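Have a look at the structure below, then the notes.
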Amino acid sequence: MKTTGKLIIFIFTLLTLATSAYAQSPREQLKQMVQQLQKTPNDNALREKIIKLARTMKPSPALPDTAVAFEGRAQFAFRSAKSESDFLVAAQEYEKAVAVAPWVPGYYSDLCTIYEKAGKFDDAKRHCGFYLAGLTDPAQLTDVKRRIAGLEFGIEKINSPQAREASLLEKVEGARFVARNTPENLGLKPGTMAWDDILEIKDRTLHITVRIHYITSGSVYGHRQPGEYLVDRISYRDGAFTQTVNNGTTTYRIRPDAQALIRQYNNAEYKFEIPRN
C-alpha cells in the first residue's frame with residue numbers, strides 16, 4: 001500500500017510539473033494570437049481578444065520599432081493630407097502599424113478619425129469598435145459610443161436613395177455620351193444618312209446635340225443639311241432625363257456605373273445604351 005501511495009504521489013507530481021511547463025504566460029499567449037491574426041486579419045473576434053488581453057497586462061506590451069515607424073509615417077501623412085486619397089494613404093500606413101501591434105487601442109482611434117475624414121464611414125465605425133474594446137473608463141466609453149452612433153447616422157445618409165442619386169449625378173457631371181447612327185445599324189439603304197447623337201450632362205441638365213455627317217433624304221431632328229445642331233436641353237427629374245417629341249417620350253437614365261446612358265422609347269421593353277465617350 002505504501003508503495004502504491006508513493007507511486008500515485010510521484011505520478012501526480014509529474015503531471016503537475018508537466019502542466020506547469022506547458023502553461024503559457026499572457027505575453028506568450030499574446031504573441032501566438034498576434035501571429036494567428038496576421039494570418040487571418042479579418043478575424044475580428046480574435047482581434048478583440050488580443051486588445052482585451054493586452055489591457056490586462058502590466059506593464060503593457062512593448063511596441064515593436066516597426067510599429068512605431070509605421071505610426072510616424074501615418075501621422076506625417078495625416079498632417080499633410082488635403083484630399084480623400086491623401087487620408088487613405090495615411091490609413092494604409094496605420095493599417096501596417098496595426099498589423100504589427102494590433103493590441104494598441106490608440107491606433108484604432110486614429111484609424112477611425114482618418115477613415116471618417118476620407119468619407120469611409122463603415123471602416124471608421126469598425127475601427128471605433130476595436131478602440132471601444134480597449135477602454136475601461138466610463139466617460140471614454142460613452143464618448144466612443146456617441147461617436148459610433150454618429151457614424152451610423154452618416155452611413156444611413158450616404159446609403160439613402162437621395163444620396164445615391166446625388167452621387168451618381170456627380171459622377172456624370174461634365175460627361176459626354178455618343179451614339180453613332182449609320183445606315184447599317186439603322187436598317188437604311190447605304191448612303192442614306194449618318195449622324196451622331198452627342199449627349200452632355202452639365203448642372204443636372206442633358207444637352208443633346210446632333211452632328212449630321214451626310215443626309216440624302218429625310219431629316220434628323222428637322223435638319224436636312226450636314227452640320228452640328230443643339231436640339232434639346234432636358235432637366236433631370238424623377239430619376240431620369242425625359243424628352244417629349246411629337247407625342248412620343250424618350251427617357252435617358254444613367255447606368256449605375258455611370259459609364260452609359262440607357263435610352264428608352266415610350267416605356268417600351270427595348271432599351272439602347274449610349275456609351276460614355
Selection count, segment 142-173, where residues are in contact (Cβ under 8 Å) with a residue 24 or more places away in the chain, open to solvent by 100 Å² or more (accessible area, probe 1.4 Å) and closer than 17 Å to CYS128 by Cβ:
0
Report whether or not ILE212 is of a type in the set (Val, Ile, Thr), at pLDDT 95 or above and either under 22 Å from VAL172 (Cβ atoms) or assigned to a loop (DSSP other than H, G, I, E, B) (or both).
no
All but one of (1) in a helix (DSSP H, G or I); (2) at pLDDT 90 or above; (3) open to solvent by 70 Å² or more (accessible area, probe 1.4 Å) hold for ILE51, so report the exception by its number.
(3)
Of the numbered conditions (1) touching a helix residue (DSSP H, G or I) at 6+ places or on another chain (Cβ under 9 Å); (2) open to solvent by less than 70 Å² (accessible area, probe 1.4 Å); (3) of a type outside the set (Asp, Glu), ILE215 satisfies every one except a single condition; which is it?
(1)
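Having 3 or more residues that are touching a residue at least 24 places away in the same chain (Cβ under 8 Å) is the bar; report the strands (runs of 3 or more DSSP E) wholly within segment 227-266 that clear it. Walk me through how you get there before you give the answer.
Details: elements: 227-237, 240-245, 248-254, 260-265.
So the answer is 227-237, 260-265.
Test ASP238 against the stated conditions and say whether it is more than 26 Å from the chain's Cα centre (by Cα) and either charged (D, E, K, R) or within 18 Å of ARG276 (Cα to Cα) (or both).
Spelling it out, ASP238 is indeed more than 26 Å from the chain's Cα centre (by Cα) and either charged (D, E, K, R) or within 18 Å of ARG276 (Cα to Cα) (or both).
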Only one of SER60, SER83 is among the hydroxyl-bearing types (Ser, Thr, Tyr), open to solvent by less than 70 Å² (accessible area, probe 1.4 Å) and either touching a Gly at 6+ places or on another chain (Cβ under 9 Å) or at pLDDT below 95 (or both), namely SER83
Collect the residues in segment 233-277 that are aliphatic (A, V, I, L, M) and either modelled with pLDDT of 95 or more or within 21 Å of LYS202 (Cα to Cα) (or both), keeping them in residue-number order.
ILE234, ALA240, ILE254, ALA258, ALA260, LEU261, ILE262, ILE274
Here the residues within segment 188-202 that are in contact (Cβ under 8 Å) with a residue 24 or more places away in the chain, part of a loop (DSSP other than H, G, I, E, B) and open to solvent by 30 Å² or more (accessible area, probe 1.4 Å) are GLY191
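Can you give me the number of residues within segment 130-140 that are under 22 Å from TYR94 (Cβ atoms) and without any contact (Cβ under 8 Å) to a residue 40 or more places away in the chain?
Of the residues in segment 130-140, 4 are under 22 Å from TYR94 (Cβ atoms) and without any contact (Cβ under 8 Å) to a residue 40 or more places away in the chain.
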Please specify each residue of segment 94-122 satisfying the condition of being farther than 27 Å from THR136 by Cα and either of a type in the set (Ser, Thr, Tyr) or open to solvent by 20 Å² or more (accessible area, probe 1.4 Å) (or both).
GLY119
Considering only segment 166-187, state which residues are under 12 Å from ALA258 (Cβ atoms) and either in a helix (DSSP H, G or I) or in contact with a Ser or Thr (Cβ under 9 Å, 6 or more places away or on another chain) (or both).
SER167, LEU168, LEU169, GLU170, LYS171, VAL172
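The values are calculated or read from the model by the stated rules, or taken from the named source; none is laboratory data. Keep in mind that what you see is a predicted model, and the values were worked out from it rather than measured. Virtual Cβ from ideal backbone geometry, glycine too; neighbours counted across all protein chains shown. The protein model used for the area step is the full one, side chains on, heavy atoms only, and it has no ligands, DNA or RNA in it. Shrake-Rupley method; radii C 1.70, N 1.55, O 1.52, S 1.80 Å.
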